[in-house]
Amino acid sequence: MTDADLTYLKDYSAPEFIIPRTELSFELRDEATIVRARLFVEPAAVRKADSKLRLDGRSLRLISVGIGGLPLGAEFYSVDSSGLTLHEPPEDAFELDIVTEIDPAGNTELMGLYRSSGIWCTQCEPEGFRRITYFLDRPDVLSVYTVRIEADAKAAPVLLANGNLTESDELAGGRHFAVWHDPFPKPSYLFALVAGDLGHIEDNFTTASGREVALGIYCEHGKEEKCLYAMDALKRSMAWDEKRFGREYDLNLFNIVAVSDFNFGAMENKGLNIFNDRYVLADPATATDADYANIEGVIAHEYFHNWTGDRVTCRDWFQLCLKEGLTVYRDQEFSSDERSRAVKRIEDVRKLRAAQFPEDSGPLAHAARPDSFREIENFYTTTVYEKGAEIVRMLSTLYGTDGFLKGFTRYIEDNDGKAATIEDWVGAFERALDTDLSHFLEWYKQAGTPEITVSDAYEPETQTYRLTLSQKTRPTPSQPDKQPMMVPVKFGLVGPNGHDLEFTSAEGARVEGDLIVFDQPEAEIVFSGISARPVPSLFRGFSAPVSMNSNMSDEDRLFLARHDSDPFNRWQALQDIALDLMVAGARAGGVLTDTAKADGLAAALSDTLADASLDNAFKAQALALPGQSTVTQALAHDVDPDAVYAAHKALLAHIGAALTEELETAYGVLADTALPYSTEAVATRARSLRNQCLALWAAGGSDAAAARIGTHYHQADNMTDRMVALEIATSLGLPETDGLLDDFKANFGGNPLLYDKWLALVASRPAAETLDRVKAIYADPAFPRHNPNRLRSLVFGLATGNPTQFARPDGAGFRFVISVCADTDPVNAQVSARILTAFRSFRLYEAGRQARATEALESLKGKDLSRNLSDILSRVLSQ
Ligand code: TRP
Ligand code: ZN
């Protein structure tokens, strides 16, 4: 591909035409759908004389074009595969009538208007609206929509669109219609329509200023009860956004629809959110504690978009993290307030390190706000979302909760009803807080994870303590030279009694209370008046998305693990020691190299388990040691996944054996709080620790623990325990694994969301037979390979959940995943491209596996690939 395929941020220009009002009428039929659009077009101030009007359109059959009610002769316009051009649009405002025919039943890409289990539904972000009608399908063209939907009354008793219902009635021939009007101007990507035979639940919410909002959640008939938790989460989200951010809901209606075929998690269409059903449906019999947490998070996320995304939208798609990073930050904060802040932070950082750090250090690295792209659909990435959220969080760290609220409020007030940019966002903070954020803005522009190196020295004679910091960011594609970033370092200097030491002054960098603002390549900070040698606790709460190397001794780390006042860094200290051991073990071919160090870690874990001041969910996090992907990242080159696997296993085995008695006892004692099952927080936390104890105990290899796995599974009165038993059996390769997996499939496999869990488990087994088993499932004609949830569970279960079998030395794992990409690409390019991202870290492998992966990737070259897939392919191979 050439640079001509790229779209550049610097080439942005404002639209020459606007469409303040849009009327759409849908005639839904099984065979095909007719869409009648009336666009009220006006020239924008920047319109140049004799500009043509170019509308986007894709996979549309044009039936007619008219202006001001009169048909337009064919010589006045032209149509091609990407749009429609009016050669001589009128000088002034005019009404453009366009009739198109579309085929929702044949739409396998799940973008635009498509059918999912017989339901008509839409997905327009980012560029799906152009598959519905010709339009200025760009986020800076805001329009007020009126939508009429007509369908068979039996096939589609439910007719929904954005905004408020203004009219509905029966029609001849068993048909009916509904008219919806959304008073808020919005870009086309927020348009939504749903029609079908759906069940629903209802509730209501009264906003702080007294607006009555009717809430509805729609789903397949028979699943209504499974929507109750999502409804509860929605109401809590609405209350929280009022309380924490002063944001009220603004329509009298808010609807959510759960569909089973969906490319992503969910979508924030104004007043009509559409969800992948895995983020709505839950009940105590089938959902795990993690499922509940995910549902709560995604419901909140989409709801919060009403202000950060819908009321204030994005000027262009380069600004995607403006709405996504901010909204992820908001949903993280919501979950922290609803649950445990420390545990939520640990979970989010685990996710960032497991997904975003690898992206940022490989060939797909890009800035949170990229400056060019080939295919925007490939930029819904963990960098845009999760690193975007970290950047927003740093503003809160720099200015405090109150300062952040001031900046946020200013941003909303200044940009309400507008399409904004990252500069508008950062500028609002500068204006509200009278500060300069020009250096901070680099976080949005520069890709790569800054690496911070730390060393220190204490001088008892002078009571001074020197902390030396340096930062470096490695080159990333098209960004060879990196600038130093503005890094907020939350810190404490922990004294011998475990309390933070006071200091009289700090020179050498901006130090404000417990915050160092480190914005140079290097800094030496001299703290005076330090009465004893401190142990530095840096990046408390993970105050910046960086990686840190320090020369800290194991002794000091163990001290922090026991005494730091910051729970995140207590957890971090344990992780660091474990990671060191795993990395050294993997370098040595897959063994445990330092048993004394491992015993020190085991003792600290034992103390953590016994510490009455810590909550059970935190303890569970402490016992959950780093995963294989973290070890792979830390090794950075010539990685042998089998050695990583063995080293990981060896450390867990050593610690599990060292702590057998404690773990068995804790497992037994916690039963009192964890059982019988309840979704209350205290039970959930006890369950998480009990299950983590079981995992480590079983990893220790005791027969008693292994015997416990089957009992744990069969006696489970909830899905969390059952799944944990399966995961432990699967990952340790216990003899009962097959029996348990078969039992699970037989009893729960009929529920698609539980079938997904089974698929992922089968694919994640670290055993030589796994690949054949996965291939057989995939090849079975009954396997619904076009359903994104099913396909992802199976293929990502292998590609990200099973490092040794994906990266088999013979390359068969790579070749299989590539063949799935090739099969999927003509059906759903967004999904095929996402699957290919599993190769983003293949350069970390040793030479043989790298060569196998390269061959597999290159086998796709020269095929007729979608733009999505060829974009990822060329980038993955580019380094
Ligand atoms: N904006 C959605 C979100 O809340 C993302 C999304 C939903 C999406 N469906 C999509 C992105 C389809 C691309 C394609 O995060
Ligand atoms: Zn979002």
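The values are calculated or read from the model by the stated rules, or taken from the named source; none is laboratory data. Please read these numbers as outputs of a predicted model, since none were measured by experiment. As a convention, Cβ positions derive from the backbone with ideal geometry for all residues, glycine included, and neighbour counts pool all protein chains shown. For the accessible areas, the whole protein counts, side chains as well, though only heavy atoms, and no ligand, DNA or RNA atoms are used. Shrake-Rupley method; radii C 1.70, N 1.55, O 1.52, S 1.80 Å.
Summary table
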{"quantity": "Test for T630: is it assigned to a helix (DSSP H, G or I) and closer than 22 Å to R353 by Cα", "calculated": "yes"}
{"quantity": "Which listed residue is hydroxyl-bearing (S, T, Y) and either within 16 Å of ligand 1 (Cβ to nearest atom) or at pLDDT below 95 (or both), from S209, S188", "calculated": "S188"}
{"quantity": "Residue match in segment 692-714 (condition: closer than 17 Å to T288 by Cα and surrounded by fewer than 17 Cβ atoms within 10 Å (Cβ to Cβ))", "calculated": "yes"}
{"quantity": "Long-range neighbours under 6 Å by Cβ, at least six apart or interchain, first residue under 16 Å from G297 (Cβ atoms) within segment 374-396, second more than 14 Å from ligand 1 (Cβ to nearest atom) and open to solvent by 20 Å² or more (accessible area, probe 1.4 Å)", "calculated": "T382/A355"}
{"quantity": "Test: R339 is in contact with a helix residue (DSSP H, G or I) (Cβ under 8 Å, 6 or more places away or on another chain), more than 15 Å from ligand 2 (Cβ to nearest atom) and modelled with pLDDT under 95", "calculated": "yes"}
{"quantity": "Pair list, Cβ under 6 Å, 6 or more apart: segment 447-476 residue closer than 21 Å to V384 by Cα, other residue open to solvent by 50 Å² or more (accessible area, probe 1.4 Å)", "calculated": "G448/R474; E451/K472"}
{"quantity": "Single condition E225 does not satisfy, out of (1) in contact (Cβ under 8 Å) with a residue 60 or more places away in the chain; (2) open to solvent by 50 Å² or more (accessible area, probe 1.4 Å)", "calculated": "(1)"}
{"quantity": "Failed criterion for Y444 (all others in (1) closer than 30 Å to V144 by Cβ; (2) in a helix (DSSP H, G or I) hold)", "calculated": "(1)"}
{"quantity": "Residue within segment 385-405 that is of a type in the set (K, R), within 16 Å of ligand 2 (Cβ to nearest atom), in contact with a Leu (Cβ under 8 Å, 6 or more places away or on another chain) and in a helix (DSSP H, G or I) present", "calculated": "yes"}
{"quantity": "Unique residue being open to solvent by less than 10 Å² (accessible area, probe 1.4 Å), within 14 Å of N306 (Cα to Cα) and not hydroxyl-bearing (S, T, Y) when the list is L215, L234", "calculated": "L234"}
{"quantity": "Residue check, R247 surrounded by fewer than 24 Cβ atoms within 10 Å (Cβ to Cβ), farther than 15 Å from L160 by Cα and more than 16 Å from ligand 2 (Cβ to nearest atom)", "calculated": "no"}
{"quantity": "Output for segment 647-690, where each listed residue is crowded, with 17+ Cβ neighbours inside 10 Å and part of a loop (DSSP other than H, G, I, E, B)", "calculated": "L659, L675, Y677"}
{"quantity": "Those residues of segment 828-866 which are in contact with a Lys or Arg (Cβ under 9 Å, 6 or more places away or on another chain) and loosely packed, with under 15 Cβ neighbours inside 10 Å, in sequence order", "calculated": "E855, S859"}
{"quantity": "Helices (runs of 4 or more DSSP H) enclosed by segment 737-813 - at least 1 residues per element that are closer than 20 Å to V827 by Cα", "calculated": "770-779, 788-799"}
{"quantity": "Cross-chain or 6+ apart pairs with Cβ under 6 Å, segment 140-167 first and farther than 14 Å from D182 by Cα, then assigned to a loop (DSSP other than H, G, I, E, B)", "calculated": "D140/R315; V141/P15; P157/D197; V158/L198"}
{"quantity": "Test: D348 is within 16 Å of ligand 2 (Cβ to nearest atom), of a type in the set (D, E, K, R), touching a residue at least 24 places away in the same chain (Cβ under 8 Å) and part of a helix (DSSP H, G or I)", "calculated": "yes"}
{"quantity": "Residues located in segment 73-106, provided they are part of a loop (DSSP other than H, G, I, E, B) and crowded, with 19+ Cβ neighbours inside 10 Å", "calculated": "P89"}
{"quantity": "Conditions (1) in contact with a Cys (Cβ under 7 Å, 6 or more places away or on another chain); (2) closer than 15 Å to R38 by Cα: number failed by Y114", "calculated": "(2)"}
{"quantity": "Hits in segment 514-524 (condition: closer than 23 Å to D564 by Cβ and within 33 Å of the chain's Cα centre (by Cα))", "calculated": "D514, L515, I516, V517, F518"}
{"quantity": "Residue in segment 532-550 that is hydroxyl-bearing (S, T, Y), under 19 Å from N497 (Cα atoms) and surrounded by fewer than 19 Cβ atoms within 10 Å (Cβ to Cβ) present", "calculated": "no"}
{"quantity": "Number of the condition not met by V298 [criteria: (1) over 16 Å from C227 (Cα atoms); (2) within 11 Å of ligand 2 (Cβ to nearest atom); (3) open to solvent by 10 Å² or more (accessible area, probe 1.4 Å)]", "calculated": "(1)"}
{"quantity": "Residue that is farthest from ligand 2 (Cβ to nearest atom), among those in segment 268-295 that are assigned to a loop (DSSP other than H, G, I, E, B) and surrounded by 21 or more Cβ atoms within 10 Å (Cβ to Cβ)", "calculated": "A287"}
{"quantity": "Pick from segment 250-267, criterion open to solvent by less than 20 Å² (accessible area, probe 1.4 Å) and either at pLDDT below 95 or not in a loop (DSSP other than H, G, I, E, B) (or both), ranking: nearest to ligand 1 (Cβ to nearest atom)", "calculated": "M267"}
{"quantity": "Test: E109 is in a loop (DSSP other than H, G, I, E, B), in contact with an Asp or Glu (Cβ under 6 Å, 6 or more places away or on another chain) and open to solvent by 30 Å² or more (accessible area, probe 1.4 Å)", "calculated": "no"}
{"quantity": "Hits in segment 810-827 (condition: touching a helix residue (DSSP H, G or I) at 6+ places or on another chain (Cβ under 6 Å) and open to solvent by 20 Å² or more (accessible area, probe 1.4 Å))", "calculated": "R815"}
{"quantity": "Test: residue in segment 303-319 that is surrounded by 24 or more Cβ atoms within 10 Å (Cβ to Cβ), assigned to a helix (DSSP H, G or I) and within 12 Å of ligand 2 (Cβ to nearest atom)", "calculated": "yes"}
{"quantity": "Residue match in segment 598-619 (condition: surrounded by fewer than 22 Cβ atoms within 10 Å (Cβ to Cβ), touching a helix residue (DSSP H, G or I) at 6+ places or on another chain (Cβ under 7 Å), closer than 26 Å to A768 by Cβ and in contact (Cβ under 8 Å) with a residue 40 or more places away in the chain)", "calculated": "no"}
{"quantity": "Subset of segment 781-799 [closer than 21 Å to G118 by Cα, open to solvent by 10 Å² or more (accessible area, probe 1.4 Å) and within 19 Å of the chain's Cα centre (by Cα)]", "calculated": "R790"}
{"quantity": "Candidate set: segment 472-511, residues that are of a type in the set (D, E) and over 22 Å from F357 (Cβ atoms); chosen: the one most open to solvent (accessible area, probe 1.4 Å)", "calculated": "E502"}
{"quantity": "Segment 132-158, subset within 16 Å of ligand 1 (Cβ to nearest atom) and farther than 28 Å from D169 by Cα, residue surrounded by the fewest Cβ atoms within 10 Å (Cβ to Cβ)", "calculated": "R138"}
